[in-house]
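The values are calculated or read from the model by the stated rules, or taken from the named source; none is laboratory data. A quick note: this is a predicted structure, and the numbers were derived from the prediction, not measured. Cβ placement follows ideal geometry from the backbone for every residue including glycine, while neighbour counts extend to all protein chains displayed.
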Amino acid sequence: MSNEVEFNSLTKDDVKIRFEDPSGIPSKPTDEEVAKHRKTRLILVVFFAIAVVAMVVVAVIIIIVAPQCEKKEVPENGKVKDTTDENWWKNAVIYQVYPLSFKDSSDDGYGDLKGIAEKMDYFTELGVNALGLSPIYQSPMADGGYDISNYTTIDKTFGTMEGFEEFLKEAHEKGFKIIMEFVPNHSSNKHPWFEESKKSKDNKFRDYYIWRDGAGVGKNQTPNNWISVFGGSAWTYDNTTDQYYLHQFHKEQPDLNLRNDEVKAELKKVLKFWLDKGVDGFRVNAAQFLLEDESFDDEPENSNYNMSDPTYDMLDHTLTYGKKVKL
Ligand SMILES: [Ca+2]
Ligand SMILES: [Ca+2]
């Protein structure tokens, strides 16, 4: 090791100091230097160990006190075990059956309840817990059973009430829940409520549906521009009382007035009727169409409408779809 100090002059600017170690290898610390830093190393090691232990303890505490996830009920052999559990539907596998075309047991070309019962082993194989039945109520079938003329009767196409009770019993014995279709937005135009409602403006059932005068000077135009889901005006004229009735779907499906307390009471009775039979739940049909805005104003045109779109999309359904109104 050589250290060279050159003083070429005594002035500050000219002083040149050079330290060189030709080997380039740092010098080995002396025993004194090692002893000096030993204490510092020891403190750092202890501090690191304490930090690790502290983190482990905190992690364990977090795991213990954190909210526990709800334990999921695991169905055994594809069945919901606890039939008294009101939350069964949260874990259920539901098979929606369209009875009219599912299985025909009577060879008349239409599916029926016995046909569905014959396929219960098939549902078991699939691991299904619940069957949802599209409408099986008495219906003129203008809209595949969604036009109901009697909410508490089984349409003869599908069987009888006695046959339904047998079906329900067998389904329950095999571990299936049964979900019925509930169609509160409209009835069939052949329902006795509507047949009464259309007779006169002061009929007891008049307010069960939504009747309006025509618009325009001669009152010969539809009350507003609302469109039916299936195309065309949502209003149909009835000359018996010279008024229009509302139907968000087919004209054979007049909308019920769900702001009428008697209508709501009647529909609750329907639900109770089927619950008393022993059904396990309902699927609510067309819930977004239940209420219309009471202003009965025209709906705005849909600026994004294309000619290839369904007619229903011509309007922006701000007043007839998904209407949030307190009942
Ligand atoms: Ca049949
Ligand atoms: Ca409605």
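Brief remarks follow.
The rows are residues; the columns are (1) at pLDDT 95 or above; (2) within 23 Å of the chain's Cα centre (by Cα); (3) not in a loop (DSSP other than H, G, I, E, B).
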| site | (1), (2), (3) |
| --- | --- |
| P67 | no, no, no |
| T84 | no, no, no |
| Y95 | yes, yes, yes |
| A117 | yes, no, yes |
| M141 | yes, no, no |
| A171 | yes, no, yes |
| G175 | yes, no, no |
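- Listed by first and then second residue, the pairs linking a residue in region 259-273 that is closer than 17 Å to H186 by Cβ to a residue that is surrounded by 15 or more Cβ atoms within 10 Å (Cβ to Cβ), with Cβ atoms under 6 Å apart and 6 or more places separating them unless they lie on different chains, are N260/D207; V263/Y208; V263/L256; V263/N257; L267/P184; V270/Y151.
- Whether a residue is under 18 Å from I179 (Cβ atoms), more than 16 Å from ligand 2 (Cβ to nearest atom), assigned to a helix (DSSP H, G or I) and among the hydroxyl-bearing types (S, T, Y) was assessed, and T152 does not pass this test.
- Taking region 25-56 as the range and being surrounded by 10 or more Cβ atoms within 10 Å (Cβ to Cβ) and in a loop (DSSP other than H, G, I, E, B) as the test, only P29 passes.
- Output for region 129-153, where each listed residue is buried (at least 21 other Cβ atoms within 10 Å of the Cβ) and β-branched (V, I, T): I136, I148
- Some residue of region 108-117 being within 16 Å of ligand 1 (Cβ to nearest atom) and exposed (fewer than 13 other Cβ atoms within 10 Å of the Cβ): yes
- Residue, farthest from ligand 2 (Cβ to nearest atom), within region 88-104, restricted to residues that are loosely packed, with under 15 Cβ neighbours inside 10 Å and either on the phi > 0 side of the Ramachandran plot or of a type in the set (S, T, Y) (or both): S101
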